[in-house]
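Structure first, commentary second.
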Amino acid sequence: MTASGCATYVDSLDKATRATSAGNYEEALVTMNGALDVPSADELPNQWKGDRPLIALERGSLQQSLGRYRGAARDLSAAEGNLELLDLSTDPVGTLGSYIFSDSLKTYRTPPTERLSVNAINMLNYLAVGDLDGAAVEARRFQVMRDYLAAQNIQADRPAALGTYLAGFTFEHRGEGDRALRYYEEALGGGRLESLDGAVSRLARANPYRGPRLSQVLSRNGKQGGPTVERELLVVLALGRVPHREPKRIPVGLAVGMAGTYVSHDINFLKYGASKVVVYPELVSTPSTLGEPAVQVDGEAVQVEELADLGSAIRQEYEEMKPKIIAAALTRMASRAAIAEGIRAGGRQQSDLLGDILSILFESALVAFDRPDTRSWTLLPSRILVARVVLKPGAHDVTVGFGGRSNRTVTVDAANSDFATVVVTEPR
């Protein structure tokens, strides 16, 4: 059930969301421009107030889906400089209570998975235009944020797999083989990636670094080395959208059970509450209209494999925070009920009925306008898939389809480079 009251973030983006679901990315982009108060996607806002950093992330996703990689890179980089990280290391219930319920007009604070994904997704933009220097800068920014999260004992394994894989590819083609192997070692932390077998074997021939996962790859392949590759194609599919947040109401009793030991404040005043419901931001799955993806190069099917399930990462992260979110909602409700009881006591100095009426009106009004923060990077891809193919000299047609619908064909020619990258982003 959706709570009543003022429009939430998901409400304000409803037009853009519906256009995106229908595959009308241009229409959605125009809506995002309006939300940023700029006339075109070529411009950035003069002030980064309120939700604008988050909306710039959303617009960056749309620009990437339209193949406007330079514009997408600019949007993500500009947004990154104006984002804050949601820090739950101290007073997590109080922090969430203040941020998720009271301060929705403040600068958006990204949870760890979203924050680490910014640089990883931006690496795709630079790789798509063949800019290894730009991709390397994003790789280093990714590593800085990853090190910071690790220092806070925060794990974000799925976006880390995406970032380390792309960083490895970047440094491999910059000629920094040892660094590439170190990143590939980390990328393999989530399990086997067959698309790395050839790269690891080739790099191991000329670079000394070995980690336990790389050693397994080399042992499985039976030898170190392999044919020299003059040109290589990387295909990355960024598909669907991660779950998003919507306001939801639940009974107080259920909320207390869900919050568990995180309810550390006095909530006795809740027994006086007229509403007996708690409003909080619930995570909701975002359906996709895409069929099963398939990639062909010059008419021949190539294998694709899943690199990162960001949708699952977002859900896991939310489920870990959910008891604290509910506790914060209860604390907020208890404060509201305490104020209502004060009004009740004041009104009863004139009559019991007046005190009850004033208290009910006050609390009901606050419940109606209680607006939990539903902001999130709604256009962050849910699944990332990859394929790597050795190319012969000349032009090649890369076709990406989704169950026979909405095929995309891109012609690549790596004649002047040892690699080419095709990025297909479909947030439908």
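Note on Ser21 and Arg70: with the Förster distance fixed at 22 Å, the Cβ-Cβ geometry gives a FRET efficiency of about 0.25. Fewest-first ordering of Glu282, Glu320 by other beta carbons within 10 Å of each residue's beta carbon gives Glu320, Glu282. Neighbour counting of Cβ atoms within 10 Å sorts the residues Leu196, Leu254, Leu132, fewest neighbours leading, into Leu254, Leu132, Leu196. Peptide packing for 18-27, 204-213 was compared via the average number of neighbouring C-beta atoms within 10 Å per residue; ordered from the highest value, the list is 18-27, 204-213. Derived scalar couplings between HN and Hα for region 50-57 equal x, 8, 4, x, 5, 5, 5, 4 Hz in order, rounded to whole Hz, by the Karplus curve 6.51 cos²θ - 1.76 cosθ + 1.60 (θ = phi - 60°), x for Gly and Pro. Among Ser195, Ser117, the order by Cβ neighbours within 10 angstrom, fewest to most, reads Ser195, Ser117. Under 5 Å from the amide H of Phe419 lie the amide H atoms of Glu232, each residue being 5 or more positions distant or on a separate chain, with H modelled from the backbone and absent for Pro and chain starts. Between Glu320 and Asp197, the FRET efficiency from the beta-carbon distance, with R0 = 51 Å, is close to 0.90.
Taken along the Cα-to-beta-carbon direction at a fixed 7 Å, the label points for Asp397 and Thr289 span 2.6 nm. Residue separation of Val30 and Asp298 scaled by 0.36 nm, minus their Cα-Cα distance, works out to 93.0 nm of gained length. At an R0 of 30 angstrom, the distance between the Cβ atoms of Glu84 and Leu254 translates into a FRET efficiency of 0.45.
What residues from region 182-198 fall in the zone where the backbone N is under 18 Å from a label point 7 Å along the Cα-to-C-beta line of Ala206? Under 18 Å, as judged by backbone N against the label point of Ala206, lie 182-184, 197-198 of region 182-198.
Here, each number is a calculation from the coordinates, and none is a lab measurement. Since this is a predicted model, take the numbers as computed values, not measurements. Here the Cβ is made from the backbone with ideal geometry for all residues, glycine too, and neighbour counts use every protein chain on show.
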